[in-house]
Amino acid sequence: ARTLTVRAEILDGQGTLSARGEAPARVSEWDVCTASLALNVEAPALWRLSDPKLYTCRVTIRENGEILDSETVRFGFRTIGFAADGAFLLNGERTYINGVNCHQDFGLTGKVMPPEIAGYRVRLMKEMGANAVRTSHNPPSVEMLDACDRLGLLVLDEAFDMWTIRKGGPNSYARYFNDWWKTDLTDFIRRDRNHPSVV
């Protein structure tokens, strides 16, 4: 059993501290606990297609001032919604989606795409006039989502190529769908939920 301190710090794109908070966490032996913090960032810079402002949240777990573990996540502030006439709203502004469909693989690199190639690909899409991408038909790489966050490209994040109808060989995902869809979809949503590009 241990008494820990969970600290969260939010930094803007220049590394300036925007908010900080701490909460105690009492962990029993072989148990799990949750610490909740509420942080307030005054007048955050919004993530926009033309100016994708990003923030960093740094969370540390401390015991008697010593850091035991830490995690850093990039994210952005933005709102999404729809007007009564069906128009898509990004930060309250009507935004027309000019999207493309994009498979995960890339030429000779296949599905193992270095961050530089992911950024190159996103820049090419933006240069040709796209402001959105549908990731077909599987969860995209983290490198692809990071590039979309950094460069300002909306993402329709697609989880599955198929459900229960098989496509391809006998080991296609359809074979596992009924048993695994909920776990896989939950992991997929949790992994991608902090990316401001994902709408």
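The values are calculated or read from the model by the stated rules, or taken from the named source; none is laboratory data. Fair warning: this is a prediction, and the values are worked out from it, not measured in the lab. Here Cβ is always computed from backbone atoms with ideal geometry, including for glycine, and neighbour counts include all displayed protein chains. Just the protein is used for accessible areas: all its heavy atoms, side chains included, with ligands, DNA and RNA removed. Shrake-Rupley method; radii C 1.70, N 1.55, O 1.52, S 1.80 Å.
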- Dimensions (Å) - the stretch 94-147, Cα atoms, principal axes, largest first: 35, 21, 18
- Message: Let me check against my output: what whole-number percent is the relative contact order of the stretch 33-111, with C-alpha pairs under 8 Å and at least 6 apart?
- Response: 19 percent
- Query: So what is the relative contact order of the stretch 75-198, in percent, for Cα pairs below 8 Å that sit 6 or more residues apart?
  - Reply: 23 percent
- Given R₀ = 30 Å, FRET efficiency for ALA159-VAL27 by Cβ-Cβ distance, to 0.05? 0.35
- Inter-label distance, nm, simple model (7 Å from Cα along the C-beta direction), ASN98/ILE80: 2.0 nm
- Lys pairs in the chain with Cα under 23 Å (8 or more apart in sequence, or on separate chains) total 4
- Mind checking which of TRP30, TRP47, TRP181 has the largest fluctuation in a GNM of the chain, springs on alpha carbons under 10 Å? TRP30
- Message: Less than 11 Å Cβ to Cβ from VAL27, Lys/Arg counted +1 and Asp/Glu -1: what total charge do the surrounding residues give?
- Response: -1
- Item | Alpha carbon centroid spacing (whole Å) that separates the stretch 129-199 from the stretch 18-45 | 29 Å
- Using a probe of 1.4 angstrom, how much of the accessible area of the stretch 86-199 is carbon and sulfur, in percent? 57 percent
- DSSP loop GluC sites (Glu not before Pro) in the stretch 24-104 with at most 11 other Cβ atoms within 10 Å of their Cβ, which ones? GLU29, GLU42
- Item | With eigenvalues of the C-alpha gyration tensor scaled by 5 and rooted, the stretch 77-168, Å | 25, 19, 11
- Among ARG94, ARG74, ARG121, residue whose mean-square fluctuation peaks in a GNM of the chain (springs only between Cα atoms under 10 Å): ARG94
- Item | In nm, spacing of pseudo-spin labels at THR56 and ARG134 (7 Å Cα→C-beta vector) | 3.6 nm
- Query: Relative to the longest principal Cα axis of the chain, at what angle does helix 115-127 sit, 0 to 90 degrees, rounded to 10?
  - Reply: 60 degrees
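Enter the per residue convex hull volume of the stretch 9-71, computed from alpha-carbon coordinates, in Å³ rounded to the nearest integer.
Measuring per residue, one finds 114 Å³ for the Cα hull of the stretch 9-71.
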- Message: For the chain, take the longest principal axis of its alpha carbons; what is the angle in degrees between that and the long axis of helix 142-151, to the nearest 10 within 0 to 90?
- Response: 90 degrees
- Computed from the mean reciprocal separation of all distinct C-alpha pairs, what Kirkwood hydrodynamic radius does the stretch 1-143 have, in Å? 18.7 Å
- Report, in deg cm²/dmol and to the nearest 500, the calculated mean residue ellipticity at 222 nm for the chain, where each DSSP H run with n ≥ 4 adds -39500 (n - 2.57) and the sum is divided by the residue count. -6000 deg cm²/dmol
- Message: Starting from a Cα-only point model with no solvent, please compute log10 I(q)/I(0) by Debye for the stretch 143-199 at q = 0.20, 0.26 1/Å.
- Response: -0.78, -0.96
- Message: Under 18 Å from a point placed 7 Å out from the Cα of ARG191 along the Cα-to-Cβ direction: which residues of the stretch 125-144 have their backbone N that close?
- Response: 134-144
- Query: For the chain, modelled as a GNM with alpha-carbon contacts under 10 angstrom, which of VAL112, VAL59, VAL27 fluctuates the most?
  - Reply: VAL27
